[in-house]
Amino acid sequence: MVQKCPAVLRCKVEDNLEPKFDFLIKNGFEGQLLPQLLMSDPRILVCKLDTRIKPCLELLKPFLGSNENIIVVLKRASWLFTYSFKSCVQPNIDFLVKEGLPLDKLAKLLISYPRTILIKHDRMVSAANYLRNLGLEPQAPMFIHAFRVMVQLSEPTWKKKIEAWKNVGWSEGEILGTFKRFPFLLSCSEEKIVCMMDFFVNTVKLGHQTITANPAIFKYSFDKRIYPRYNVLKVLESKKLIRDRKTATFLKISEEKFMENYITKYEDKVPGLLEIYGGIRKTKGL
């Protein structure tokens, strides 16, 4: 803790440390929870109790429900205590509640994407309005994921992503329609968009409709998943061990199922298949 924040050694015990420890223990941070909380960011001990620590915990706990969840959030966003909750965080949370975001989804947003609630309020309002215009309401399962992507991208970057998809043959309607189902689509780098589309169209020979119907294939690593699996597919097809395969499904199934159905099942018939799958790496920095 001292290595992370040497300033804690300058904190006075009676005036600083003791009141904070008393407050945290009183609010249920006992046993291992207390050191876990303090180690998430020792700067907690140099923050002001009344203007930083208390507002933070009092705001988060009703939504997160437990101290364990609070620690999860603080491990991902330890700097939360350094923000002014009344002027920054509280207005954003109040806005999302007013917009109709269910409390369980707000908790998921706080746990999964805590940086989202620190976005400038105007940008948050703009993103929510844009998603509503797309037909994506706060109650929708994909709302918090689409919302997170939108607030993390500046307007110029958002436009560049749209143009990148248009340049590889997608219409704006297809882009935005797919974004509503699979928000990660607009998190892809422009380099990845070009490389993956080139591979799927020119090497794998997937049709445009197949690609747009299976956007999840873009979330995977080219080096670690897409290319190695495709290589296994070609080997198995060359041996006439599989036929009539659906390539998109082949790429999307879980690692456990892939190993069971395509590696373990055919290892005896194709010596070195596991090495082929594990050893093939095409470095593209994706």
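We did not get these values from a lab; they are worked out from the coordinates using the rules stated. As the structure is a prediction and not an experimental result, all values here were calculated from the model. Positions of Cβ are backbone-derived with ideal geometry, glycine not excepted, and every protein chain shown enters the neighbour counts.
Let me have the relative contact order for the chain, percent, based on Cα pairs under 8 Å that are six or more residues apart.
Working: 242 pairs, mean separation 30.1, N = 286.
Contact order relative to length: 11 percent.
For Cα pairs less than 8 Å apart in space and 6+ apart in sequence, what is the mean separation divided by the residue count of segment 1-82, i.e. the relative contact order in percent?
Numbers: 61 pairs, mean separation 26.9, N = 82.
For segment 1-82, the relative contact order is 33 percent.
Can you run phi through the Karplus equation (6.51, -1.76, 1.60; θ = phi - 60°) for segment 187-202 and list ³J(HN,Hα) in whole Hz, with x for Gly and Pro?
After applying 6.51 cos²θ - 1.76 cosθ + 1.60, I find 9, 5, 5, 4, 4, 5, 4, 5, 5, 5, 5, 4, 5, 5, 7, 8 Hz.
List, in order, the whole-Hz ³J(HN,Hα) value for each residue of segment 234-245 obtained from phi through the Karplus relation with A = 6.51, B = -1.76, C = 1.60 and θ = phi - 60°; use x for Gly and Pro.
With coefficients 6.51, -1.76 and 1.60, one gets 5, 5, 5, 5, 5, 8, 6, 8, 9, 8, 6, 7 Hz.
For segment 98-202, what number results from the quotient of the Cα radius of gyration and 2.2 N^0.38 Å? Mind showing how you got there, number by number?
Working: Rg = 14.4 Å, N = 105, 2.2 N^0.38 = 12.9 Å.
Normalised Cα radius of gyration, segment 98-202: 1.12.
Tell me which of Gln139, Leu233, Leu49 sits at the most positive position along the dipole axis of the chain, charges placed on C-beta atoms (Lys, Arg +1; Asp, Glu -1).
Highest projection toward the positive end goes to Leu233.
So for each of 140-149, 83-92 I average, over its residues, the number of other beta carbons within 10 Å; can you give me the resulting order with the highest mean first? Please report the intermediate quantities before stating the final value.
On the way: 140-149: 19.2, 83-92: 15.4.
Put in order of decreasing packing, that is 140-149, 83-92.
In whole Å, what is the distance between the alpha-carbon centres of segment 193-255 and segment 55-74?
41 Å
What is segment 222-279's relative contact order, in percent, from Cα pairs under 8 angstrom and six or more apart in sequence?
Numbers: 23 pairs, mean separation 27.0, N = 58.
Averaging sequence separation for qualifying contacts and normalising by length gives 47 percent for segment 222-279.
Quick one: Karplus J couplings for segment 253-260, per residue in order, coefficients 6.51, -1.76, 1.60, θ = phi - 60°, nearest Hz, x for Gly and Pro?
Taking θ as phi minus 60°, the curve returns 4, 4, 4, 4, 5, 4, 4, 5 Hz for segment 253-260.
Under 5 Å between amide H atoms, partner at least 5 residues away or on a different chain: which partners does Tyr83 have, H built in plane at 1.01 Å?
HN-HN under 5 Å from Tyr83: empty list.
Taking every Cα atom in segment 222-279, find the radius of gyration and the maximum pairwise distance Dmax, and write them in Å.
Looking at segment 222-279, its Cα Rg and Dmax stand at 10.3, 27 Å.
Just one of (i) 23.1; (ii) 19.2; (iii) 17.0 is mean projected area of the Cα convex hull in nm² calculated from these coordinates, so which is it?
Only one option fits the structure, namely (ii).
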